[in-house]
Amino acid sequence: VALHPRMIAILASSTDGWGLVREEEGYWLVRPPYRLSDRESLTVSEVERAILEEDFVLEGEPPTFPSWGDLCQELQRRFVGAASAAELEAAKGAAARILTRASEEQAKAHLAALEQELMIGQATGVEAALVALLSAPSVQESPEMVATIARLQAQVLELRTRLRRHVLAPQRSWKVADEAEVARTSAAIRGQGTLFRYPAA
Amino acid sequence: VSVGARVSVNMKPATLARFLDGEPRRNIFEVAAEESARTEQTLEEVLRGRLKEWYARRVEFEARAGAGRHFHYGALNVGGMGAPRYGRLCVIDKRPIGTDAPDPVWIAQDSLRGPWFEKAGQPLDWDALRSAVAPCELVSDLVVVKLETLGPSSAALDARICNDEDYLEALSLSPLEVQHVEEIRSESEDDLQERARRALLRDARLDEQLDLALQDRIRTKAAARGIPWRSIPA
């Protein structure tokens, strides 16, 4: 396949989002989740081996893309498009299930990272991660880690409460004492057509 | 080698999932034969369509080396991740080499990269190929010859014998079957845990969620079959 300089082409792909890619004279393997580290340079014989041994389907007319981002988007689209409704549904809980397999070292790393999240005021997802870790056998065997999880859960609650207070703070400072007075003032403003007491000079 | 060596096969996660479901490992010729039986295409047409520019030399190699029979490929493994370039998971055959099975013929390197293919457009150099082949029971001898050719190195022996760049290839007429699996090795367990944590903390894309689900599924399937899952440091 003759490629325009800087164009990259999908030579073959499989329904799990993996792709064999050609960029000028080089070959690449690309796989989910499509980070730079998920891209590996291949020799011609490694491409041949992948086609022989795996389920890659060669493209008749390899589609080309101006950038790696565009190419990866196409592989993502194919991957999601090939998934059944049941697979998409099952995928929702996969991350939590993987966390339940964490080794002791991995669980400790998770707890340190989750604590960092809370320190920067980020609580989203932390509770779900803590709950998943509580199901990990490595955590259940460690009273120390169970205690850390309890402490972090308390921090999540505290952070949430603080955030809620913070969100409601401006409204509370209004100090509206008389709803009838508010209604009268609103009607006067509407009649006047402006919030300014005097028209502009 | 004579005691601890095994045949290993590297697979990508989706392939491993089907294998753990009990789907037999099939080589490209078996896949093409099935497709040919299903469609109106001849075997040759299917193979040409699937292999394209790699068709001619693959067919020539199998015709000469297999005399009409087609191989299943693996690698000699004395520990480690095998040749994980495209197959991030390493499946170990529990049967000791040199017993009843597996009974591979060994090639001193990847059969697709050897000097027997170096002359582009020329027929396979049969003499060059024969000089790199050893029967099943002579694998230890082949390892010694290979290590001598490679020269001294401070790298671990398992990585010298089998790595991304170079390995001793096992050619068997029968495929690896799921009941023969000793263990599955993975070098991406820490990375997988990090990905899962990030997916919980930030909204992960659908494709990332699907891949995590596939990774979870193969570990569940292996556990259900009682196959140990071993994390190998990257």
Query - Selected residue (criterion: farthest from B:Leu138 (Cα to Cα)) from residues of the range B:171-184 that are open to solvent by less than 20 Å² (accessible area, probe 1.4 Å) and at pLDDT 95 or above - result: B:Ile184
Query raised in the report: Just to be sure, is A:Phe56 among the aromatic types (Phe, Trp, Tyr), at negative phi and at the interface with chain B (Cβ under 10 Å from one of its Cβ atoms)?
Result: yes
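When you check A:Ala123 against the structure, is it crowded, with 22+ Cβ neighbours inside 10 Å and under 16 Å from the mean Cα position of the chain (by Cα), yes or no? Step through it out loud before you land on a result.
Details: crowded, with 22+ Cβ neighbours inside 10 Å: no; under 16 Å from the mean Cα position of the chain (by Cα): yes.
The answer is no for A:Ala123.
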Report summary line: Filter the range A:74-112 for residues that are at the interface with another protein chain (Cβ under 7 Å from one of its Cβ atoms) and open to solvent by 60 Å² or more (accessible area, probe 1.4 Å); the one that is nearest to B:Asp190 (Cα to Cα) is A:Arg101
Report summary line: Residues in the range B:1-39 that are acidic (Asp, Glu), surrounded by fewer than 15 Cβ atoms within 10 Å (Cβ to Cβ) and within 12 Å of chain A (Cβ to nearest Cβ) total 2
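Filter the helices (runs of 4 or more DSSP H) completely within the range B:4-94 down to those with at least 2 residues that are free of Cβ contacts under 8 Å to residues at least 12 places away in the same chain. Explain how you work it out, then say what you get.
On the way: elements: B:13-20, B:28-38, B:43-51, B:55-66.
Filter on the range B:4-94 gives B:28-38, B:43-51, B:55-66.
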Query raised in the report: Of the numbered conditions (1) more than 8 Å from chain B (Cβ to nearest Cβ); (2) more than 20 Å from B:Glu187 (Cα to Cα); (3) of a type in the set (Gly, Ala, Ser), A:Ser45 satisfies every one except a single condition; which is it?
Result: (1)
Report summary line: Subset of the range B:42-51, residues open to solvent by less than 80 Å² (accessible area, probe 1.4 Å) and within 14 Å of chain A (Cβ to nearest Cβ), comes to B:Val46, B:Leu47, B:Gly49, B:Arg50, B:Leu51
Report summary line: All conditions in (1) within 11 Å of chain A (Cβ to nearest Cβ); (2) modelled with pLDDT under 80; (3) open to solvent by 50 Å² or more (accessible area, probe 1.4 Å) are true of B:Tyr86 except (3)
Query raised in the report: Which is under 30 Å from A:Leu133 (Cα atoms), touching an Asp or Glu at 6+ places or on another chain (Cβ under 9 Å) and surrounded by fewer than 18 Cβ atoms within 10 Å (Cβ to Cβ), of B:Arg198, B:Arg205?
Result: B:Arg198
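Count, please, the residues in the range A:113-123 that happen to be under 26 Å from B:Leu214 (Cβ atoms) and more than 7 Å from chain B (Cβ to nearest Cβ).
Narrowing the range A:113-123 to residues under 26 Å from B:Leu214 (Cβ atoms): A:113-114.
After this cut, where a residue has to be more than 7 Å from chain B (Cβ to nearest Cβ) as well, the list is A:114.
Final tally of qualifying residues: 1.
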Query raised in the report: Just to be sure, is A:Arg77 modelled with pLDDT of 95 or more and under 19 Å from the mean Cα position of the chain (by Cα)?
Result: yes
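So which residues in the range B:210-224 are facing chain A (nearest Cβ under 7 Å) and over 13 Å from A:Ala86 (Cα atoms), if there are any at all? Talk me through it step by step, then tell me what you get.
Let us first name the residues in the range B:210-224 that are facing chain A (nearest Cβ under 7 Å), namely B:210-216, B:219.
Those that are facing chain A (nearest Cβ under 7 Å) and over 13 Å from A:Ala86 (Cα atoms): B:Asp211, B:Leu212, B:Gln215, B:Asp216, B:Arg219.
The values are calculated or read from the model by the stated rules, or taken from the named source; none is laboratory data. Remember, predicted model here, so these are calculated numbers, not experimental data. A quick note on method: Cβ atoms are made from the backbone with ideal geometry, for glycine too, and the neighbour counts reach across all protein chains shown. Calculation scope for accessible area: heavy atoms of the full protein, side chains included, ligands and nucleic acids excluded. Shrake-Rupley method; radii C 1.70, N 1.55, O 1.52, S 1.80 Å.
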